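Here, each number is a calculation from the coordinates, and none is a lab measurement. Since the structure is predicted, the reported quantities are computational estimates derived from the model, not experimental observations. Here the Cβ is made from the backbone with ideal geometry for all residues, glycine too, and neighbour counts use every protein chain on show.
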Amino acid sequence: MRFIDRTFKIAFIATVTALPGLLGACQPAQPPSSEVRTSASSAGRPQDLVAEAERNGFRRTARYDEVERLCPAFERAYPQRARCVTFGTTPEGRPMLAIVASSDGVLTAEQARAKHRPVILFQGGIHAGEIDGKDGGFWALRELLEDKLVPGALAKSTAVFVPVLNIDGHERFAPNQRPNQRGPEEMGFRTTAQNLNLNRDYLKVEAPEMKAILGFFETWDPVVYVDLHTTDGAKFEHDVAVLVEPSVPAPGNLQEPATALSDAIQARLTATGHLPVSFYPAFRKSEDPASGFSKASAPPRYSQSYASLRNRIGILVETHSWRPHPQRVRSVHDFLLGLFDQARTDAAGWRKAADAGDAAGQRLGGTRVALTYKPSEASHTIEFRGYAYQKRASEISGTTWVSYDESKPEIWRVPLFDTAEPALMVDAPAAGYVVPAAHAEWIGAKLRTHGLQYQVMGAPRPRFSVGAFRADEVTPGHSFEGRTPVTVKGSWKTEMRDLPKGSLFVPIAQPRARVLLHLFEPLAPDSLVAWGFFNGAFERKEYMEDYVAEEEARKMLAANPALKSEFEARLKDPKFAADSKARLDFFYQRHPSWDERVNLIPIYRVATSPM
């Protein structure tokens with residue numbers, strides 16, 4: 001980055017396996033362009049619905065102007081079943097386009113809501129060098145609209161396809177942008193024109209493209225959100241990883257249908273000749289295949305986990321970079337047809353489970369909530385299809401490196417840690433949070449982007465009882481995504497604070513309460529605190545000269561015997577005793593001039609509404 005059940009039609013299997021391509025997991029797929037063109041032609045559809053990549057055997061992928069051509073072309077070809085929409089503009093001025101498809105004319109979000117229609121939103125090119133999703137998505141969407149391989153699939157759900165999310169990055173075209181990926185000949189770049197990685201931006205929401213897609217998410221409210229990638233990593237035979245979230249307990253028991261869907265996808269892909277896995281295939285110890293794998297939920301900076309926080313099914317598809325581009329595109333195509341085939345029977349249940357998750361989310365106030373999970377110590381051995389490899393001493397790096405021999409497939413018997421346990425538990429506030437007026441504008445904008453509700457306080461509330469978080473330790477990290485993240489230690493304690501007019505009250509009783517908890521709980525991995533949005537709170541803005549501190553310290557010791565005893569006790573610590581600054585700071589922090597807001601996070605928990 002980085003399915004077979006009784007509803008799966010024999011015709012689908014026969015048609016897919018008859019196409020030249022993936023007949024064995026180790027065999028590179030051949031381009032299926034001739035069959036696709038025949039299908040489009042036989043139905044009397046225009047030839048311009050066939051993407052350039054299909055015409056050239058998936059050796060090359062087209063520039064973004066092809067998306068601008070194909071999007072309206074789908075609408076012209078299927079005027080009652082497809083619609084081209086614009087949902088934003090990139091920083092470099094390119095239109096952000098999507099194709100909406102439905103066999104019964106449910107082509108607007110308003111129609112979908114009125115019919116309580118399940119929506120499946122799938123996107124390609126969030127990392128624009130990983131472009132399998134665009135090419136495979138166009139191919140699959142056309143076949144879904146032809147209504148032959150998966151008859152009636154778009155009568156049970158509405159498809160929304162974003163061919164490329166990182167459009168400006170897509171147009172940074174060059175060969176060899178991803179040296180650990182086989183094809184296409186040229187490709188886009190991982191990050192946006194602002195050098196932001198969109199698949200780290202889901203919770204903090206800084207990129208214009210992310211604001212646009214989350215607005216689109218809010219408009220369409222997809223019950224399933226699919227993000228199509230190409231993974232990096234070691235060399236092995238498995239061609240695609242499909243991670244379905246939530247994979248841990250979630251409000252409304254959304255985990256149950258998500259797990260069932262994951263199992264169905266694995267079976268369907270296996271039935272069509274693929275070698276899928278249901279976990280991200282990164283070794284637990286870098287460069288050590290024997291260390292095995294962990295199946296753990298990622299933080300909500302990533303698409304699939306963010307969708308899960310919103311009580312929706314999130315799916316991350318990672319085709320394997322060492323498989324040739326035609327084979328990777330086929331993996332995307334087969335996955336999408338299988339997903340929509342599964343939707344024929346299960347989409348209504350997904351919608352019901354999502355609604356139950358929304359209802360349960362509104363009841364989290366005052367409860368203990370797990371925000372993050374970690375793999376447990378339990379594991380079992382799996383057979384993973386890799387290659388023979390050697391660890392060799394390197395005269396280049398001075399360490400060891402792994403050399404894979406793709407001519408020698410072999411089975412690795414390695415541990416898989418696929419059970420999880422809570423890592424970070426928090427107490428959700430009984431009523432909600434208060435954002436002081438000084439931060440209301442910019443935080444309010446982020447809340448609106450996430451579809452979170454809040455109220456603006458029309459009058460001040462002096463001396464209001466709140467939970468306040470003060471950081472005891474603050475550890476800055478290295479620059480990441482243009483920010484300086486921090487790790488804090490501290491706790492919530494009851495204080496009386498003045499709440500100015502214009503402050504925001506953000507109730508916990510709303511469907512996306514878990515999104516709110518991840519934003520506002522300082523210890524959460526993608527909180528506003530963790531991303532460095534409140535670093536100013538950790539900076540001292542006033543000071544006391546050393547000679548003044550010397551004078552004031554003497555006055556304080558003379559007036560306060562208890563303080564003298566406390567100071568003498570601290571002097572027994574050799575580190576403190578040897579640090580002149582720490583000794584003077586001891587008195588400054590107890591002096592009336594000390595800024596009591598230092599290390600105070602300007603977000604408060606409240607047990608009762610201040611409104």
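Evaluate E = 1/(1 + (r/R0)^6) for GLN589 and ARG483, where r is the Cβ-Cβ distance and R0 equals 25 Å; express this FRET efficiency to the nearest 0.05.
E(calc), rounded to 0.05, equals 0.30.
Round to a whole angstrom and tell me the spacing of the C-alpha centers of the stretch 408-487 and the stretch 121-162.
Here the two parts' Cα centres lie 34 Å apart.
Quick check: pseudo-label points 7 Å beyond the Cα along Cα→Cβ at GLN177 and LEU571, how many nm apart are they?
Using points 7 Å along Cα→Cβ, the separation is 6.5 nm.
Which of rounded, prolate or oblate describes the stretch 374-422 when judged by the alpha-carbon gyration tensor and an a/c cut-off of 1.5?
Oblate is the answer for the stretch 374-422, as a/c is 1.5 or above yet b/c matches or exceeds a/b.
If contacts are Cα pairs under 8 angstrom and at least 6 residues apart, what is the relative contact order of the stretch 261-378 in percent?
25 percent
At a Förster radius of 51 Å, what calculated FRET efficiency corresponds to the Cβ-Cβ distance of ALA282 and HIS439, to the nearest 0.05?
Details: r = 37 Å, r/R0 = 0.72.
Using R0 = 51 Å, I get an efficiency of 0.85.
Would you calculate the separation in nanometres between label points at LEU563 and ARG76, each defined as 7 Å from the Cα along the Cα-to-beta-carbon direction?
Each label point lies 7 Å from its Cα, and together they span 8.2 nm.
Find the relative contact order for the stretch 375-455 and round it to a whole percent, using C-alpha pairs within less than 8 Å whose residues are 6+ positions apart.
31 percent
By per-residue mean of other Cβ atoms within 10 Å, what is the highest-first order of 519-532, 146-159?
519-532, 146-159
Note down the nm distance, to one decimal, between modelled labels 7 Å out along Cα→Cβ at ALA388 and at ALA423.
3.8 nm
Counting DSSP beta bridges in the stretch 10-360, what percent are antiparallel, to the nearest 5?
Working: 18 of 37 bridges.
Counting only bridges with both partners in the stretch 10-360, antiparallel ones make up about 50 percent.
Give a residue-ordered list of calculated ³J(HN,Hα) values for the stretch 453-466 (Karplus: 6.51 cos²θ - 1.76 cosθ + 1.60, θ = phi - 60°; whole Hz; x for Gly, Pro).
Computed from phi, the couplings for the stretch 453-466 are 8, 8, 10, 9, 6, x, 8, x, 10, x, 6, 9, 6, 9 Hz.
Subtract the Cα-Cα distance of ARG413 and ALA578 from 0.36 nm times their separation in residues, and report this length gain in nm to one decimal.
53.9 nm
Could you tell me the relative contact order of the stretch 10-360? Use alpha-carbon pairs under 8 Å, at least six residues apart, and round to a whole percent. Spell out each step's value before the answer.
Values: 761 pairs, mean separation 72.5, N = 351.
In percent, rounded to a whole number, it is 21.
Residues of the stretch 115-154 with the amide nitrogen closer than 16 Å to a label point 7 Å from the Cα of GLU92, along Cα-to-Cβ, please.
In the stretch 115-154, the label zone of GLU92 (backbone N under 16 Å from the point 7 Å along Cα→Cβ) covers 125-131.
Ratio of Rg to Rh for the stretch 39-145, alpha carbon only, Kirkwood? Present the calculation step by step, with values, prior to reporting the outcome.
Details: Rg = 14.3 Å, Rh = 14.8 Å.
The Rg/Rh ratio comes out at 0.96.
Suppose the chain between LYS352 and VAL205 were pulled fully straight at 0.36 nm per residue; how much longer would it get relative to their current alpha carbon spacing?
Working it through step by step, the gained length comes to 50.1 nm.
Where a ≥ b ≥ c are the square roots of the eigenvalues of the C-alpha gyration tensor, would you call the stretch 136-280 rounded, which needs a/c under 1.5, or, failing that, prolate if a/b is larger than b/c, or oblate?
rounded
Multiply the residue separation of MET496 and TRP401 by 0.36 nm, subtract the distance between their alpha-carbon atoms, and state the gained length in nm to one decimal.
Full extension from MET496 to TRP401 adds 28.4 nm.
In the set (1) 50, 29, 22; (2) 45, 27, 23; (3) 81, 26, 22, which value of semi-axes √(5λ) of the Cα gyration tensor in Å was calculated from the structure you see?
It is the one labelled (1).
By average Cβ neighbour count within 10 Å, what is the ranking of 307-316, 343-352, 447-456 from highest down?
So the peptides 307-316, 343-352, 447-456, ranked by packing, come out 307-316, 343-352, 447-456.
Among 580-590, 473-483, how do they line up by average Cβ neighbours within 10 Å per residue, starting with the highest?
580-590, 473-483
If the cut-off is 23 Å between C-alpha atoms, which lysines fall inside it for LYS115, apart from same-chain ones fewer than 8 positions away?
Once the sequence-local lysines are set aside, what remains near LYS115 is LYS156, LYS352.
Tell me, what ³J(HN,Hα) does each residue in the stretch 499-514 have, in order and in whole Hz, if you take phi through Karplus 6.51 cos²θ - 1.76 cosθ + 1.60 with θ = phi - 60° and put x for Gly and Pro?
With coefficients 6.51, -1.76 and 1.60, one gets 9, x, 4, x, 5, 9, 9, 10, x, 6, 7, 8, x, 9, 4, 6 Hz.
Mind listing the long-range amide H neighbours of ASN599? Cut-off is under 5 Å, sequence gap 5 or more, other chains count too, H placed in the peptide plane at 1.01 Å from N.
PHE538, GLU539
Find the percent of Cα-Cα distances in the stretch 10-360 that exceed 30 Å, and round it to a whole number.
29 percent
Going through the cross-link list LYS493/LYS564; LYS285/LYS489; LYS374/LYS541, which pairs have a Cα-Cα distance over 30 Å in this structure?
Cα-Cα > 30 Å for LYS374/LYS541; rest within.
Among DSSP beta bridges whose residues both lie in the chain, state the antiparallel percentage, nearest 5.
75 percent
Between rounded, prolate and oblate, where does the stretch 546-588 land on the alpha carbon gyration tensor, with a ≥ b ≥ c its root eigenvalues, rounded for a/c under 1.5, else prolate if a/b exceeds b/c?
oblate
Helix-only mean residue ellipticity at 222 nm, the chain, DSSP H runs n ≥ 4 weighted -39,500 (n - 2.57), per residue, nearest 500. What is it?
The per-residue figure over the chain is -9500 deg cm²/dmol.
Take every DSSP beta bridge with both residues inside the stretch 204-330 and express the antiparallel ones as a percent of the total, to the nearest 5.
In the stretch 204-330, DSSP labels about 40 percent of beta bridges as antiparallel.
List the lysines whose Cα sits under 22 Å from the Cα of LYS446, skipping any in the same chain fewer than 8 residues away.
Here the lysines satisfying the reach criterion relative to LYS446 are LYS204, LYS211, LYS501.
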